[in-house]
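First up is the structure itself, then whatever we jot down about it.
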Amino acid sequence: MYLTREEERILEGEEGEILAKMMEILVKVGEIYHADRLIPITSAQISGVSYNTIGDSGLHFLNSLKGAKVRVLTTLNPLAFDERYLYELGVDEKTYNKQMEIIKAYVDIGVKTTATCTPYYFDNIPKFGEHIAWAESSAVIYVNSIIGARTNREGAITALASALIGKTPNYGLHLEKKRKATHLVELDFQPEGEEYPLLGLLLGERVKGIPYLRIGGNYDDFKLMGAAMAASGSVAMYHVENFTPEYRKALHDDVERIFIERKELENNASCEDVELVAIGCPHVSPSELRRIADYLKGKKKRTGVELWIFVARSVKERYPELIRMIENFGGKVMVDTCVVVSNAGKIYHTIGTNSGKAAFYLAKEKFGGAKVVVRDLYTLLRSVVQ
Ligand code: F3S
């Protein structure tokens with residue numbers, strides 16, 4: 001891989017040990033994937049934030065970065081709790097203190113503590129064609145597919161290395177030719193409601209590449225579908241005909257066809273007896289927040305079930321009247337955390353959600369092994385109303 005004189009200097013340690021280590025990581029990744037060079041990025045999104053997931057070894061690594069500073073706008077994924085709900089989230093003193101240390105370590109290197117997986121609403125909005133280095137698979141697939149920005153599916157360490165160096169290796173989804181569809185998905189139905197995340201889970205299992213779909217839907221439908229696809233598989237981009245910005249150049253003669261029938265998504269799960277309804281994985285958009293608030297306005301919550309809505313702090317701050325409507329109903333609107341990286345899955349045994357990604361993770365032993373029911377937004381909301 002070609003390195004400029006400046007990049008070689010960093011690699012040789014002339015700008016300190018930390019940057020040399022970060023450059024070494026980027027060069028190694030670049031060599032593995034046959035990148036020709038490093039390219040500048042305009043932003044980074046860092047995952048690996050919750051103490052519940054990175055533990056002491058992650059904290060130790062972050063503390064070793066003291067003195068370094070990020071070179072581009074760098075935002076942060078959700079952490080283990082919302083400070084307003086420490087009791088409800090079962091946060092012990094050790095987790096609280098360690099999480100605060102993690103946040104401090106990120107602040108010290110110049111990272112914005114946005115604590116959301118949807119920075120693309122207000123905090124970190126990449127433009128079409130921009131090269132970025134983002135971790136957080138749901139955000140990666142959203143910005144590649146819906147916005148047309150360019151990022152590979154970075155890990156916590158490579159995103160951090162890119163943020164500190166301001167560059168990323170030029171390979172994969174940074175290259176025009178690697179952004180074409182690999183699979184043409186043919187369906188015998190038009191998805192509705194929870195079929196978007198369920199279809200996403202199925203596509204994640206079947207497609208090792210970039211699916212092309214001919215379906216209708218809105219930004220929120222596709223956000224849920226993409227997050228699920230990126231959770232159950234390694235998909236980092238999809239095209240939707242007449243919707244996503246790069247679909248016109250996506251198809252070619254070698255595309256593989258796959259067929260999916262509606263009956264493969266059959267889902268009769270009832271959410272009547274779930275203990276927790278969790279919405280906002282990925283964090284809810286302003287339009288989802290409005291739909292939730294409008295539906296709950298003037299209604300009363302059923303006892304025996306909790307409603308938790310997860311949202312970016314920046315979204316919550318912009319819509320105080322919607323937050324009030326949800327909280328007056330008895331729902332909890334949580335920021336900075338999410339149903340997966342908090343303790344929610346260890347507290348509740350049956351959880352209803354409209355997120356295929358949340359269902360994928362919460363069912364795992366590591367996240368509590370809850371019984372998870374995936375239904376559409378309004379079915380879930382109806383189930384918490386008296
Ligand atoms: Fe976001 Fe947490 Fe889901 S980070 S995508 S809400 S698992």
>> Based on alpha-carbon centroids, what's the gap between the stretch 78-147 and the stretch 178-217 in Å, whole number please?
In response: 27
> Accessible area per residue, 1.4 Å probe, Å², for the stretch 5-171: what's the number?
Replying inline: 40
> Under a 5 Å amide H to amide H cut-off, with H placed in plane at 1.01 Å, what residues pair with residue 283 once short-range neighbours are removed?
Replying inline: 117, 118
> Quick one: if you stick a label point 7 Å off each Cα along the C-beta vector at residue 249 and residue 299, how many nm between them?
Replying inline: 4.5
> Scattering from the C-alpha atoms of the chain alone, worked out with Debye: what is log10 I(q)/I(0) at q = 0.14 1/Å?
Replying inline: -1.22
> Order of 317-327, 206-216, 136-146, 251-261 by packing, highest average Cβ count within 10 Å first?
Replying inline: 136-146, 206-216, 317-327, 251-261
> From the phi of every residue in the stretch 212-225, what ³J(HN,Hα) in whole Hz does the Karplus formula 6.51 cos²θ - 1.76 cosθ + 1.60 yield, where θ is phi - 60° and glycine or proline is x?
Replying inline: 10, 10, 10, 9, x, x, 10, 4, 6, 4, 6, 4, 5, 5
>> Under 10 Å, Cα contacts only: if you run a Gaussian network model on the chain, which one of 332, 223, 263 comes out with the highest mean-square fluctuation?
In response: 263
> Using alpha-carbon pairs under 8 Å, 6+ residues apart, how would you state the relative contact order of the stretch 276-382 in percent?
Replying inline: 29
>> Residue by residue through the stretch 320-336, what is 3J(HN,Hα) from phi via Karplus (6.51 cos²θ - 1.76 cosθ + 1.60, θ = phi - 60°)? Round to whole Hz and write x for glycine and proline.
In response: x, 5, 5, 4, 4, 4, 6, 6, 4, 5, x, x, 10, 9, 9, 10, 6
> Using a simple charge model, +1 on the beta-carbon of Lys and Arg, -1 on the beta-carbon of Asp and Glu, nothing else, what dipole does the stretch 180-265 show about its Cα centre, in debye to the nearest 20?
Replying inline: 280
> If you bin every alpha carbon distance in the stretch 277-386 into 10 Å steps from zero, what whole percent lands in each bin?
Replying inline: 16, 50, 31, 3
> Which listed residue (38, 79, 326) has the Cα farthest towards the positive end of the charge dipole for the chain, taking +1 on Lys and Arg C-beta and -1 on Asp and Glu C-beta about the Cα centre?
Replying inline: 326
>> Taking amide H atoms as placed 1.01 Å from N in the peptide plane, list the residues 5 or more away in sequence, or in a different chain, whose amide H sits under 5 Å from that of residue 251.
In response: 181
>> In Å², and per residue, what accessible area does the stretch 276-382 have when probed at 1.4 Å with the other protein chains present?
In response: 38
> Which percent, to the nearest 5, of DSSP beta bridges fully inside the chain are antiparallel?
Replying inline: 10
> In the stretch 180-265, with Lys and Arg counted as +1 and Asp and Glu as -1 at Cβ, which of these residues, 189, 222, 239, has the Cα nearest the positive end of the dipole, that is, farthest along it?
Replying inline: 239
> Mean separation of Cα pairs under 8 Å and 6+ residues apart, divided by the residue count of the chain: what relative contact order is that in percent?
Replying inline: 17
> Ignoring ligands, DNA and RNA, what percent of the accessible area of the chain is carbon or sulfur (1.4 Å)?
Replying inline: 50
> How large is the dipole of the chain about the Cα centre if only Lys and Arg carry +1 and Asp and Glu carry -1, each at its Cβ, rounded to the nearest 20 debye?
Replying inline: 560
> If you place +1 on the Cβ of every Lys and Arg, -1 on the Cβ of every Asp and Glu, and leave all else neutral, what size is the dipole of the stretch 274-386 about its Cα centre, to the nearest 20 Debye?
Replying inline: 160
>> Can you work out the Karplus-derived ³J(HN,Hα) for every residue in the stretch 376-384? Use 6.51 cos²θ - 1.76 cosθ + 1.60 with θ = phi - 60°, whole Hz, and x for glycine or proline.
In response: 6, 3, 6, 5, 5, 5, 4, 6, 9
>> With unit charges on the beta carbons (Lys and Arg positive, Asp and Glu negative) and the dipole taken about the Cα centre of the chain, which residue among 137, 314, 16 sits farthest to the positive side?
In response: 314
>> Check which residues have an amide H placed less than 5 Å from residue 39's amide H, if you skip close sequence neighbours.
In response: 168, 170
> How big is the equivalent ellipsoid of the stretch 54-111 along its three axes, where each semi-axis is √(5λ) from the Cα gyration tensor, reported in whole Å from largest to smallest?
Replying inline: 23, 13, 8
> Counting only DSSP beta bridges with both residues in the stretch 180-265, what percent are antiparallel, rounded to the nearest 5?
Replying inline: 0
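The values are calculated or read from the model by the stated rules, or taken from the named source; none is laboratory data. Keep in mind that this is a model prediction, so the values were computed, not measured. Here Cβ is always computed from backbone atoms with ideal geometry, including for glycine, and neighbour counts include all displayed protein chains. The accessibility values were calculated without ligands, DNA or RNA, using every heavy atom of the protein model including side chains. Shrake-Rupley method; radii C 1.70, N 1.55, O 1.52, S 1.80 Å.
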